[in-house]
Amino acid sequence: MASGKDIVGLDNPAFDTGEQVNNQLRGKEGKTKKGSFEAEEDRNKPIYCVTDVPPWYLAIFLAIQHYLTAFGSILSIPLILSEGLCLQHDSLTQSQLINTIFFVSGLCTLLQVTFGVRLPILQGGTFALLTPAVAMLSLPEWKCPAWTQNATLVNTSSPVFIEVWQTRLRTLQGSIMVASLLQILVGFSGLIGFLMRFIGPLTIAPTVSLIGLSLYDSAGIKLGSHWGISAMTTALIILFSQYLRGVPVPFPAYNKARKLHTSKFYIFQAVPILLGIMVSWLVCYLLTIYDVLPSDPAIYGHLARTDVKGNVVEEASWFSVPYPGQWGVPTVSLPGVMGIMAGIICSMAESVGDYHACAKLSGAPPPPKHAINRGIGIEGLGCLLAGAFGSGNGTTSFSENVAALGITKVGSRMVILLSGVFMILIGMLGKVGAIFTTIPTPVLGGMFLIMFGVISAAGISNLQSTDMNSSRNIFVFGFSIFTALVVPNWIMKNPDSFKTGVNELDQVIHILLSTHMFVGGFLGFFLDNTIPGTKRERGLLASDEFNLEDSGSAETEEVYDLPFGITSCLSSQSWIRYVPFCPQKGYRTQHKSEGNQTSYNEQLPNCTEVTEEFAF
């Protein structure tokens, strides 16, 4: 929906940093005569809101940026998972998994933006399902045979080897598909609102933090393959993302007014992880071609070479389309289903918070209940599709990309739709996935050190709405997170400790107790809901405010209507009020006072702001 801004041509004010824009800003300031506080609010408002369509060149650029923002997280999931699937020495299959997860992420993004919550929120692989998947694959019956750990003994085309990894992947697929039914049910039935009454920050914080903390061993192994390269990668990412993020880099630009000129672009703020990986990757390549790094696999530092993966890029096909059941018919493991369900519950709680944050940053009203229900339900369908396609993972909303909305000041869902299209296209280019598998192991280790640390800190940040001066809250969080580190560690070292006589029950207990996020989340949930404490103390007032906002924003809910006129067709049906995931037009603006009878566009922030520099 157009908002009156000029979206045609290459002279968009977002990129015009010259005298013309300064004059526009001065004129705007003189006309409005806003105070400093109001001017600060204006600077925080988005340039393009949810329903706006930026110029094609800007939309494409921002779509690629969103893709690159999610790139590191999505890429790392199949690379970590490949160890449990016995695929350490099968780079070609690893590349197929990478293509599949990008393809599914793009497909789920299109579904979410079009039929789900309808906010500009990217979908991608989730670490919440990676942790229980690793726990399932660590069971004695799923541990990789010793010969698969030796590259000289692995014949990737051997039917025996193919059956080894496909059996594990098919079981993981089926477990994800069955567990996703829980999310579908909770979303489309409207149960998510009821569950969120009991899931507060003291449940979410230890659960999310332990996702990152539990992966320390995987990061440590990759870091130890060459500490120098790993340290360089980590240092570069820190340098780009923290110290140079505010440093603009001049790039050539063109518009009708100023012709060819230079425009400032905050490249270090936009893609710090990708830049860190590329620089370290280049250094490893140079050290490889000059034979500085050892060519003997038995010598320390060999994994830093860029030719370790052989001819995987040449062997990969140029074009391939992932499809459901590409690894065979999925099978189901009860222990796997139980573990994945724990991860899905965590993912749902995170997504609800992401919806509210995304709405605020993109100039949309708070999401109503029907949109939240639909969003969670679509995420469940996304997990079902991810399981069917065989990515080895599910999908969820990406908090990193929600944060990117606040940086770019562009909240258009058209940009995210384009990102989904790009991910689908990348997922069909086989050689692109193969190139990613050639990233040296210590470079990945350096990236993991940053990524897993940020995930852990993001979990702890959920406590900001709680009273952490309360001894009750300190006890709940401290006990939950420390116990969740101790118990799984002991279980992994003593796998035969619990023997009930029922093999399936033993496996369920083993997976649940060896999954850090389940132990921490369960203890946090139980203690937070049983130990007396006020809502303010527990940090539950924020969720109550969300509910109040939902009930008071009926006149602005059009942004969450279903596309293609579906809402208009359904609104005439009397039974629609009983469907928790469908918008209901009947109560909109009927009971609003005359003073509140403003148009939809007036309810949204001013989205036509002109800025001197466009910070990506």
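Can you figure out the FRET efficiency of Thr114 with Leu195, using R₀ = 25 Å and their beta-carbon distance, to the nearest 0.05?
E(calc), rounded to 0.05, equals 0.45.
Taking 7 Å along the Cα-to-C-beta vector as the label spot, tell me the Phe251-Leu425 distance in nanometres, rounded to one decimal.
1.6 nm
What full-extension length gain, to one decimal in nm, is calculated for Phe482 and Ala235 as 0.36 nm per residue of separation minus the Cα-Cα distance?
86.0 nm
Taking only protein heavy atoms and a 1.4 Å probe, what accessible area per residue, in Å², does segment 201-286 have with all protein chains in place?
Heavy-atom accessible area per residue stands at 47 Å².
Cα-Cα over 20 Å: which of Lys264/Lys360; Lys360/Lys535; Lys45/Lys369; Lys360/Lys409; Lys309/Lys431; Lys45/Lys256?
The answer is Lys264/Lys360; Lys360/Lys535; Lys45/Lys369; Lys45/Lys256.
At Leu260 and Val160, where each label point lies 7 Å from the Cα along Cα→Cβ, what is the point-to-point distance in nanometres?
My value for the distance between the label points is 6.4 nm.
Note down the nm distance, to one decimal, between modelled labels 7 Å out along Cα→Cβ at Arg577 and at Thr500.
4.6 nm
Express the accessible area of segment 421-508 per residue in Å², computed with a 1.4 Å probe while the remaining protein chains stay in the model.
Heavy-atom SASA per residue in segment 421-508 reads 47 Å².
So if the hydrodynamic radius of segment 461-500 is defined as the Kirkwood radius over C-alpha pairs, what does Stokes-Einstein give as its diffusion coefficient at 25 °C and 0.890 mPa s, in µm² per second?
202 µm²/s
Using a 1.4 Å probe on the protein heavy atoms, what percent of the accessible area of segment 172-284 belongs to carbon and sulfur?
Roughly 74 percent, rounded to a whole number.
For segment 134-179, what does the alpha-carbon gyration tensor say about shape, rounded, prolate or oblate, given a ≥ b ≥ c as the root eigenvalues, a/c under 1.5 as rounded, and a/b over b/c as prolate?
oblate
On average, how much accessible surface per residue is there in segment 289-336, in Å², for a 1.4 Å probe, leaving out ligands, DNA and RNA?
On a per-residue basis, segment 289-336 sits at 65 Å².
Compare the peptides 418-431, 571-584 by average per-residue count of other Cβ atoms within 10 angstrom and give them in order, highest first.
Per-residue Cβ counts within 10 Å, averaged per peptide and sorted highest first, yield 418-431, 571-584.
With a cut-off of 8 Å between alpha carbons and a minimum separation of six or more residues, what is the relative contact order of segment 376-502 in percent?
For segment 376-502, the relative contact order is 7 percent.
Using a cut-off of 12 Å between beta-carbons, work out the net charge of the residues near Ser138 (Lys and Arg +1, Asp and Glu -1, Ser138 not included).
Overall, the nearby charge balance is 0.
Once Rh is set to the Kirkwood radius over Cα pairs, what Stokes-Einstein translational diffusion coefficient, in µm²/s, holds for segment 281-358 at a temperature of 20 °C and a viscosity of 1.002 mPa s?
120 µm²/s
Between Tyr323 and Ile289, what length comes free when the chain is fully extended (0.36 nm per residue of separation minus the Cα-Cα distance, one decimal in nm)?
Here the segment from Tyr323 to Ile289 would lengthen by 8.4 nm.
With the calculation restricted to Cα positions, what are the radius of gyration and Dmax of segment 141-269 in angstrom?
In Å, with Rg to one decimal and Dmax whole: 24.5, 68.
Net charge near Leu449: determine it from the other residues with C-beta under 13 Å of the C-beta of Leu449, scoring Lys and Arg +1 and Asp and Glu -1.
0
The values are calculated or read from the model by the stated rules, or taken from the named source; none is laboratory data. Keep in mind it's a predicted model, so treat the numbers as computed, not measured. All Cβ positions, glycine included, derive from the backbone under ideal geometry; neighbour counts span all protein chains shown. The protein model used for the area step is the full one, side chains on, heavy atoms only, and it has no ligands, DNA or RNA in it. Shrake-Rupley method; radii C 1.70, N 1.55, O 1.52, S 1.80 Å.
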